[in-house]
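Since the structure comes first, as structure tokens, the remarks are kept for the end.
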Amino acid sequence: MEKVILKNLGKPDSHKLENYVASGGYKAIQSALKMRPDNIVQMVKDSGLRGRGGAGFSTGLKWSFIPKDPTIQKYLCCNADEGEPGTYKDRGIMDNDPHILLEGMMITSYAIGASVGYIYIRGEFVFGAKRLEAAIDEAYAKGYLGKNIFGSNFSLDIYIHRGYGAYICGEETALLESIEGLRAQPRKKPPFPALAGLYGKPTVINNVETLACIPAIIEKGPEWFSKMGPEKSPGPKIFCVSGHVKKPGLYELPMGTTVRDLIYNHCGGMLTDKPLKAVIPGGVSAPLLTARELDTALDFDSLAAKGSMLGSGAVVVMDESACMVKSAYIINRFFSHESCGKCTPCRDGTPWLTRVLKRIEHGEGRPGDIELLESLCTNIFGRTFCPLGDGAVMALRGHLKNFREEFQFHIDHKRCMAS
Amino acid sequence: MLSEEAKKEIEKALRKYPNKRSAVMDALRSAQKARGGHLEKADMDEIAVILEMQAVEVNAAAAFYTMYNIDKPVGKYHIQVCRNISCSLMGAEHIIKHMERTLNIKTGETTGDKKFTLSTVECLGSCGTAPMMQINDDFHENLDEAKVEEILKGLE
Ligand SMILES: Cc1cc2nc3c(=O)[nH]c(=O)nc-3n(C[C@H](O)[C@H](O)[C@H](O)COP(=O)(O)O)c2cc1C
Ligand code: SF4
Ligand code: FES
């Protein structure tokens, strides 16, 4: 398949503006500036593009909620917080091809009428932030950013906002709070950011990969995009593969690629001759799939039908040596560490889950601990202010549902079944 | 007192936003860098004055984010080893133990000569090249014992 989002990865100096232009870059924005903004919104709607940050909401539809009144200030925020464990695609784009993101942001800003864009990049991505900064400087120097970009009537400024260690900032309203200089706790919705977002103004928040798809949609047309992969979940998608495979890495493939195809054809199969045990298909919030479910297609709807989710497209592969109790513990510890503390079920419930999982993992589990975990899950699920708490429960339930006997073995025998 | 460089960086950050408060994260980062890796109350008080915020608001913002080290000086090299799922599957615990033995400290501690602080962190977005760690600003990937030794030797 011809790559679109990662087309420049691996080319020498792919991060430089001149090389981006030589590869055909910054043509789409010039075409876009000759179109009417609402036509661009329609094109993106027609393409069927759904947000690559995790929720899978229609991008064109999201843009169409922005009020048309030209006198109101509007903002675009690029979500580059990339914190879902297993995920490293946005970093791949920003480190290697920052201009594809800038071009995507230019077109999006023009389409929604935003004159300012912020890139919210997680604090640990120092290299990526420097790359973006240099790319932004190059773009200003060429007149691609700032007043009257490409000689048009449209003006745009793009700034970088660096996070400093908090997974919750990836939640879109927490991200807005963070830019406003507050503690990054999620906001109540409604009002939705499209009406009252950053500084109370209409705001679109999109993931890096989502924005990086935009130039190709303008250039190749919405049909090209919508015809790739499943009808309701189309387009190219970056899968971030990690764990026990021969060739972990970023793979840009059509949506709907099966887990089996990804692991055995693209990633060279399992790392050793140990058989596959489980796959987390969409970042750690996504309930895992077992070896019996490898023909599942990786797209929003097929995974939802399996009770899991595509999430951020992070595929974590585990062979028989992996302990599912340990995996559940590590993942849960992450969520309780990252709970922002705003609501009780998550703030108090996730550390409780972690304590129980920790003692089971360390051979100190008690009879009834599995039932305790289950009842805690019931008390958290659906009662939290934002999806983080639900994510913690979904991940744990996925482990318990498929590998309950491993938890029981740990409790009964005070040791691990896997190793 | 904030360094002149930190003050200049804060001035620059203020130009990005329509309100002053939004510059608080950049300001804290500059202050932390100027102090060599941690923040003290005096820094936050001074930032509060510049950004026209209450000192408690600056403190609350700083306390929310894990990368601000309030009153916790770190060594010249802050070694942060990822312990999340992909790194764990590829041997992160082994790397952490090896690091503790080599530096002769436990996770969370700083060596007597203040050269190294060892921490564990959650996923750093480098899972395809696990196990990995970050030392100050730089990522080090595909780690094994030999590679860790080599990296440590290269740090003056
Ligand atoms: C706890 C939590 C963490 C999230 N982290 C991220 C993230 O790191 N990056 C991201 O793009 N979206 C993240 N999201 C999803 C965002 O809230 C939002 O849906 C997304 O940025 C919208 O962009 P998209 O429509 O282009 O996907 C997170 C959501 C939650 C609830
Ligand atoms: S679910 Fe957790 S992260 Fe979300 S608002 Fe509640 S405490 Fe904060
Ligand atoms: S799990 Fe270690 S970098 Fe992602």
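The values are calculated or read from the model by the stated rules, or taken from the named source; none is laboratory data. Keep in mind the model is a prediction, meaning the values are calculated, not measured. Positions of Cβ are backbone-derived with ideal geometry, glycine not excepted, and every protein chain shown enters the neighbour counts.
Assorted remarks:
- Of the candidates A:111, A:135, A:80, the single residue that is buried (at least 21 other Cβ atoms within 10 Å of the Cβ), under 16 Å from the mean Cα position of the chain (by Cα) and modelled with pLDDT of 95 or more is A:80.
- Taking the criterion of being part of a loop (DSSP other than H, G, I, E, B) and touching a Phe, Trp or Tyr at 6+ places or on another chain (Cβ under 9 Å), the residues of region A:381-417 that qualify are A:415, A:416, A:417.
- Matching residues, region A:49-74, being over 18 Å from the mean Cα position of the chain (by Cα) and either more than 10 Å from chain B (Cβ to nearest Cβ) or among the basic types (Lys, Arg) (or both): A:61, A:63, A:64, A:65, A:66, A:67, A:68, A:69, A:70, A:71, A:72, A:74
- Restricting region B:1-29 to residues that are within 11 Å of chain A (Cβ to nearest Cβ) and within 19 Å of residue B:69 (Cα to Cα), the residue that is surrounded by the most Cβ atoms within 10 Å (Cβ to Cβ): B:27
- Of all the listed residues (A:101, A:33), the sole one being away from chain B (no Cβ under 14 Å), of a type outside the set (Lys, Arg) and within 13 Å of ligand 1 (Cβ to nearest atom) is A:101.
- Filter result for residue B:66 (within 16 Å of ligand 1 (Cβ to nearest atom) and part of a loop (DSSP other than H, G, I, E, B)): yes
- Taken together, the residues in region A:118-139 that are closer than 21 Å to residue A:8 by Cβ, outside any loop (DSSP other than H, G, I, E, B) and within 14 Å of another protein chain (Cβ to nearest Cβ) amount to 11.
- Condition met for residue A:208 (touching an Asp or Glu at 6+ places or on another chain (Cβ under 6 Å), under 20 Å from residue A:53 (Cα atoms), at pLDDT 95 or above and away from ligand 2 (no atom under 16 Å from the Cβ)): yes
- Residue A:303 being in contact with a Leu (Cβ under 6 Å, 6 or more places away or on another chain) and part of a loop (DSSP other than H, G, I, E, B): no
- Residue A:366 vs. criteria away from ligand 2 (no atom under 14 Å from the Cβ) and assigned to a helix (DSSP H, G or I): no
- Only one entry in A:211, A:175, A:156 is under 22 Å from residue A:384 (Cα atoms), in contact with a Gly (Cβ under 9 Å, 6 or more places away or on another chain) and touching a residue at least 12 places away in the same chain (Cβ under 8 Å), namely A:175.
- All positions within region A:167-204 that are within 12 Å of ligand 1 (Cβ to nearest atom), of a type in the set (A, V, I, L, M, F, W, C) and buried (at least 23 other Cβ atoms within 10 Å of the Cβ): A:168, A:169, A:174, A:175, A:176, A:184, A:204
- Residue check for residue A:93: more than 14 Å from chain B (Cβ to nearest Cβ), more than 11 Å from ligand 1 (Cβ to nearest atom) and modelled with pLDDT of 95 or more: no
- Unique residue being more than 16 Å from ligand 3 (Cβ to nearest atom) and either farther than 29 Å from residue A:169 by Cβ or surrounded by 19 or more Cβ atoms within 10 Å (Cβ to Cβ) (or both) when the list is A:91, A:50: A:50
- Filtered by the rule that a residue be within 16 Å of ligand 1 (Cβ to nearest atom) and either in a strand (DSSP E or B) or farther than 19 Å from residue B:98 by Cα (or both), region B:122-149 gives B:123, B:124, B:125, B:126, B:127.
- Assessment of region A:104-116 against the conditions (within 14 Å of chain B (Cβ to nearest Cβ) and closer than 25 Å to residue A:333 by Cα) yields no matching residue.
- The residue list A:195, A:176, A:182 contains one member that is assigned to a helix (DSSP H, G or I), away from ligand 3 (no atom under 16 Å from the Cβ) and more than 24 Å from residue A:95 (Cβ to Cβ), which is A:176.
- Conditions (1) in contact with a Lys or Arg (Cβ under 9 Å, 6 or more places away or on another chain); (2) in contact (Cβ under 8 Å) with a residue 60 or more places away in the chain; (3) under 19 Å from residue A:85 (Cα atoms); (4) more than 12 Å from chain B (Cβ to nearest Cβ): number failed by residue A:325: (1)
- Filter result (more than 19 Å from the chain's Cα centre (by Cα), farther than 20 Å from residue A:306 by Cβ and more than 14 Å from chain B (Cβ to nearest Cβ)) within region A:226-275: A:226, A:227, A:228, A:265, A:269, A:273, A:275
- Filter result for residue A:53 (closer than 18 Å to residue A:204 by Cβ and part of a loop (DSSP other than H, G, I, E, B)): yes
- Taking each residue of region B:1-18 that is modelled with pLDDT of 95 or more and looking for partners that are of a type in the set (D, E, K, R) with beta-carbon atoms closer than 6 Å, six or more apart or interchain, yields B:13/B:26.
- Yes/no for residue A:82 being touching a residue at least 40 places away in the same chain (Cβ under 8 Å), within 11 Å of ligand 1 (Cβ to nearest atom) and within 14 Å of chain B (Cβ to nearest Cβ): yes
- Of A:254, A:281, all but one fail to be closer than 26 Å to residue A:331 by Cα, away from ligand 2 (no atom under 16 Å from the Cβ) and modelled with pLDDT of 95 or more; the exception is A:281.
- Residue list for region B:83-101, filter: under 24 Å from residue A:316 (Cα atoms) and either within 16 Å of ligand 1 (Cβ to nearest atom) or part of a helix (DSSP H, G or I) (or both): B:84, B:85, B:86, B:87, B:88, B:89, B:92, B:93, B:94, B:95, B:96, B:97
- Leading residue by the ranking (nearest to ligand 3 (Cβ to nearest atom)) among those in region B:97-131 that are farther than 18 Å from residue A:84 by Cβ and within 13 Å of chain A (Cβ to nearest Cβ): B:131
- For region A:388-419, a tally of residues being surrounded by 15 or more Cβ atoms within 10 Å (Cβ to Cβ) and within 21 Å of residue B:85 (Cβ to Cβ) returns 22.
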